[in-house]
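The values are calculated or read from the model by the stated rules, or taken from the named source; none is laboratory data. Values in this document were obtained by computation on a predicted structure and should not be read as measured data. Because the Cβ atoms are built from the backbone with ideal geometry, glycine has one as well, and the counts that use them run over all protein chains shown. What goes into the accessible areas is simple: the full protein's heavy atoms, side chains included, and nothing from ligands, DNA or RNA. Shrake-Rupley method; radii C 1.70, N 1.55, O 1.52, S 1.80 Å.
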Amino acid sequence: MSIKVLLYEDNDLLRESISSMVALNEGMELLGAYAHANEAEEQVIRLRPDLILMDIEIPGISGIEATKIVKKIAPKTMVLILTVFEDSENVLSAIKAGASGYLLKKYIATRLFHAVEEILDGGAPMSPAVAKLVIQSMQNHHKPSNYSLTQREKDVLLSLSKGNSFKLIAADCKISIDTVRTHIKHIYEKLQVHCQTEAVSKAINEGLV
């Protein structure tokens, strides 16, 4: 089945370019491409996309605010942030809003479809510079943890925060994919979260890694 996609991008040329890329991909179906997200709530309810490609700086409602709205009304809809910004404030705000991944626009031509595959595989794709910012933010927090995470669970959570898929986490931590799933299940239970973005957001906010 095709992945149903909505695109929000105010740059006309880039919106047309991304639309063409998605339209030519046999595994994806473009439901609509818009210059703003002011009507995102109605569009998501009506069109029921699986994935949204979201620019941060768009007229009217910002991409981050639109992401919050989307995740509230359609929690299972994935949002991949597309942006020129790689500062920590925007990165962390997008993650906290519920974004499934964060990709710099300069990498769209070469990494967009790979990023989509990563999201579908359970990962949270980020450009290298963005992943570095997330890790630095996590390392700069020194709040004590009361969640009783084991060292292995912390290792898995750190790998998860880099946007790695379960397969890459397994390779990174030298464990099986089934063991990764078990650790992630325990992490979710201990942190009282229900998905990867919530776990990474909580880790960032509370310095768990």
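Couple of notes before you dig in:
- Unit charges at the beta carbon, dipole of the chain: most positive-side option, Met126, Leu51, Gln196: Gln196
- When the solvent-accessible area of the chain is split by element, carbon and sulfur atoms take up 52 percent of it, the probe being 1.4 Å.
- Think of a 1.4 Å ball rolled over the protein heavy atoms: the stretch 1-102 then has 49 Å² of accessible area per residue.
- Amide H contacts of Glu29 (H built 1.01 Å from N, under 5 Å, at least 5 apart or other chain): Ile3, Lys4, Val5
- Amide H partners (placed H, <5 Å) of Tyr102, local residues excluded: Ile81, Met126, Ser127
- Measuring against 20 Å, Cα to Cα, the residue pairs Lys71/Lys154; Lys105/Lys162; Lys68/Lys96; Lys72/Lys96; Lys162/Lys202 contain Lys71/Lys154 as the ones spanning a longer distance.
- Comparing the stretch 28-123 with the 2.2 N^0.38 Å rule of thumb, its C-alpha radius of gyration ratio is 0.99 (two decimals).
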